[in-house]
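S.K.: What follows is a structure written as structure tokens; I'll ask about it next.
What follows draws every value from the coordinates through simple rules; no lab data is involved. All values reported here derive from a predicted model rather than from experimental measurement. Reconstructed Cβ throughout: ideal geometry from the backbone, glycine too, with neighbour counts over all protein chains shown.
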């Protein structure tokens, strides 16, 4: 038994030698170490650097060892409007508990408050970022965690501000519980795969709340995207899973709850789309399942272009949208079934809670304006409502097979 | 002249039809606002009703009123009164009482539920529509001696402005779809007071974001102060011209 314990301890020493010899370096005005950078320079892999509260103007801090950097009492790191504040260039770095403010502004070098260079297993958590160009920027990173950070910026124009959380060519990232405001894109992914974005709030950013391209097999769960300039745009990706997110208040000439372009094999389930100009706009989307979503008070709940194929829209709730579905052309290769439409006027003779007459979610007027946009000046005129009513009775112009054969009589409980 | 206006207003109020109209508007407005949780949405539903009911009631009520008071008019003409004054008094009396009915019936609920700039613009537009259609009704009734014919003409005119005009616009849009029609459409919309009112109010609501490029072009003009003043001027012209023509006809009419 004793030998077993001894063996374990020995094994422990063998496997984690750096932890066993790890030191803690304290930084602050009351300690010999006044600068964070000098502490990092003196430290070894596995050490901990504890930073006391205060304001540090250190130009650029480069973390090139696998250390844990912790702020105690929210120390402030100031970039003086010139520098990138923290550059992480080693694996297994933990960076937590700081307030970072005033990064430089430059569109050539893209300075960020925290930038992760080619490093895996990095954790950036519980920081507050204020007035930054890019917030947290990861390039060539794998299995890193960005968690519970609060990012605020004050961009006025799209060209003059960076993204909140920006990931490029990364894999297996976890972006959890962050709050992002006032950046260009709240969360930006390009070539990022197998990652999860969970419980973030991306609110009032200039362009998109979430923007990703060429980012496959990512999951977006329980996030809130609200009041962003153009909503959420996702393009050229497959295997996208979006569950239980809220897309709201994206209102404007070119704002979308979600804009889906060239998305395939994806699932959009349980989300809520509230008061967007367009809830979901789809172009070139293939094999996408839309299920159990709620569309509330949108201009267009769905706009599905004829270039979409095998899109299944089932068991969703549609309430108070100006137009339920819009499309261009007459080709329809998508399926609608079992949705609840508040504009449905059919009946249910056998009481199975499924309407006996199919519902046609496309109104005549939405077909007309698709063909002839200036006809929008007749929006909400008496003539238009009359036309829609006649078309409901005798369909002629609207696409023949765009219909819900089994509309639900009552709102679905989602 | 003031005496005649006073008499006309009292006469109209005594007939109880305007009272019923006020009550109808009140009931509709309050129920619309209390049914829609969001008062901006209520405003939108109310807009449709205003554009439909106000012109219809204004034109038909005024036409019938003018025909029914034919004897009264003859009596007034036999007095030492100018024909211009008689006709203007009738017009003012009708306009004031119908606008008043609208103000009470719709203005009050709007001020209660949605006291915003958009709300006030809507009240203003409604008053304008009331007066414009009184003017048009007087024109219709002065041209036709026969009462049935006159009322028929009034209904047709209403139908034209409320429905047929928009149908023609749609037809035109499809015929000329190869051309950029946004700007000509602005002028064309000025040819119909109902359309003009609808667009003026709609552009002030959030819904205008749905109108895309066309909406943006319209907003660029109608959204500005100059645009708003232009709208008001064209609505005033819509009051003045039909009334002026009817006045000329009335002056030379053999009663």
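S.K.: Scattering from the C-alpha atoms of region A:304-361 alone, worked out with Debye: what is log10 I(q)/I(0) at q = 0.16, 0.23 1/Å?
M.R.: So the normalised log intensities work out to -0.57, -1.03.
S.K.: Along the Cα→Cβ direction, 7 angstrom out, place labels at residue A:168 and residue A:342. What is the inter-label distance in nm?
M.R.: For the pair residue A:168/residue A:342, the computed spacing is 4.4 nm.
S.K.: Hey, could you grab the Kirkwood Rh for chain B? Inverse mean 1/r over distinct alpha carbon pairs, Å, one decimal. Provide the component values of the computation, followed by the final result.
M.R.: Values: mean 1/r = 0.0520 Å⁻¹.
Hydrodynamic radius (Kirkwood, Cα pairs) of chain B is 19.2 Å.
S.K.: Regarding region A:203-293, what is the average projected area of its C-alpha convex hull, in nm²? Let's see the in-between values first.
M.R.: Numbers: hull surface 18.8 nm².
The orientation-averaged projected area of the Cα hull of region A:203-293 comes to 4.7 nm².
S.K.: Another one. Counting each DSSP H run of 4 or more residues in chain A as -39500 (n - 2.57), what helix-only mean residue ellipticity at 222 nm follows after dividing by all residues, to the nearest 500 deg cm²/dmol?
M.R.: Working: 5 runs with 45 residues, N = 414.
Calculated from helices alone, the mean residue ellipticity at 222 nm is -3000 deg cm²/dmol.
S.K.: Here's a follow-up. I want to verify a result. In a Gaussian network model of chain B, Cα cutoff 10 Å, which of these has the top mean-square fluctuation: B:232, B:26, B:181?
M.R.: Result for chain B, Cα springs under 10 Å: B:181 fluctuates most.
S.K.: OK, next. Which order results if A:280, B:27 are arranged by neighbouring Cβ count within 10 Å, fewest first? Please report the intermediate quantities before stating the final value.
M.R.: On the way: A:280 30, B:27 12.
If I rank by nearby Cβ atoms, fewest first, I get B:27, A:280.
S.K.: For residue B:148 and residue B:164, compute 0.36 nm times the residue count separating them, minus their Cα-Cα distance, and round to one decimal in nm. Numbers along the way, then the final one.
M.R.: Numbers: separation 16, 0.36 × 16 = 5.76 nm, distance 2.17 nm.
Computed gain between residue B:148 and residue B:164 is 3.6 nm.
S.K.: Size of region A:53-123 along its principal axes in angstrom, Cα-based, largest extent first?
M.R.: Result, largest extent first: 32, 28, 14 Å.
S.K.: Take the alpha-carbon positions of chain A, form their convex hull, and give its projected area averaged over all directions (one quarter of the hull surface) in nm². Walk me through the intermediate numbers first.
M.R.: Values: hull surface 104.9 nm².
Convex hull of Cα atoms, orientation-averaged projection: 26.2 nm².
S.K.: Starting from the Cα of residue A:80, step 7 Å along the direction of its Cβ; do the same at residue A:385; then give the gap between the two resulting points in nm.
M.R.: Going by the 7 Å Cα→Cβ label model, 6.6 nm.
S.K.: Hey, for a label at residue A:254 modelled as a point 7 Å past Cα toward Cβ, could you say which residues of region A:156-196 have their backbone N under 16 Å away?
M.R.: Residues A:157-160, A:184-185 qualify, since their backbone N sits under 16 Å from the label point.
S.K.: Ok, one more. Determine by what factor the alpha-carbon radius of gyration of region A:118-205 differs from 2.2 N^0.38 Å, reporting the quotient.
M.R.: On the way: Rg = 11.9 Å, N = 88, 2.2 N^0.38 = 12.1 Å.
Compared with the compact-globule rule of thumb, region A:118-205 sits at 0.99.
S.K.: Next question. Tell me, in nm to one decimal, what length is gained between residue A:353 and residue A:331 on full extension, where the rule is 0.36 nm per residue of separation less the Cα-Cα distance? Please list the in-between numbers first.
M.R.: Details: separation 22, 0.36 × 22 = 7.92 nm, distance 2.96 nm.
Stretched out fully, the residue A:353 to residue A:331 stretch lengthens by 5.0 nm.
S.K.: Further question on the same structure: Could you identify which residue out of A:80, A:352, A:265 has the top mean-square fluctuation in a GNM of chain A using Cα springs shorter than 10 Å?
M.R.: A:352
S.K.: Using only the C-alpha atoms of region A:19-94, find the volume of their convex hull and express it per residue in Å³.
M.R.: On the way: hull volume 6.1 nm³, N = 76.
It comes to 80 Å³ per residue, whole-number rounded.
S.K.: Something else now. Hey, what number do you get for chain B at 222 nm if only DSSP H runs of n ≥ 4 count, each worth -39500 (n - 2.57), divided across all residues, to the nearest 500? Each step should come with its number before you reach the end.
M.R.: Details: 13 runs with 204 residues, N = 255.
For chain B, the value works out to -26500 deg cm²/dmol.
S.K.: Now, a different point. So what's the angle, to the nearest 10 degrees on a 0 to 90 scale, between helix A:382-393 and the longest Cα principal axis of chain A?
M.R.: The helix A:382-393 is inclined about 80 degrees to chain A.
S.K.: Hey, what's the Kirkwood Rh for region A:38-195 if you take every pair of different alpha carbons, in angstrom?
M.R.: Details: mean 1/r = 0.0662 Å⁻¹.
Evaluated over region A:38-195, this radius sits at 15.1 Å.
S.K.: Follow-up. Once the Cα atoms of helix B:147-159 and of chain B are each reduced to a long axis, what angle between those two axes, in degrees from 0 to 90 to the nearest 10, is obtained?
M.R.: 10
S.K.: By how many degrees, 0 to 90 and rounded to 10, does the Cα axis of helix B:117-143 deviate from the longest principal axis of chain B?
M.R.: That works out to roughly 40 degrees.
S.K.: GNM on chain A, C-alpha springs below 10 Å: top fluctuator among A:132, A:24, A:179?
M.R.: A:24
S.K.: Ok, one more. How do A:195, B:69, B:34 line up, fewest other C-beta atoms within 10 Å first?
M.R.: On the way: A:195 24, B:69 17, B:34 12.
Fewest-to-most ranking of A:195, B:69, B:34: B:34, B:69, A:195.
S.K.: Reported to two decimal places, what Rg/Rh ratio describes region B:1-92 when computed on Cα atoms with Rh from the Kirkwood expression? Working shown, then result.
M.R.: Values: Rg = 17.6 Å, Rh = 15.3 Å.
Answer for region B:1-92: 1.14.
S.K.: Which value in nm describes the separation of the simple spin-label points at residue B:13 and residue A:392, placed 7 Å from the Cα toward the beta carbon?
M.R.: The two pseudo-label positions are separated by 4.2 nm.
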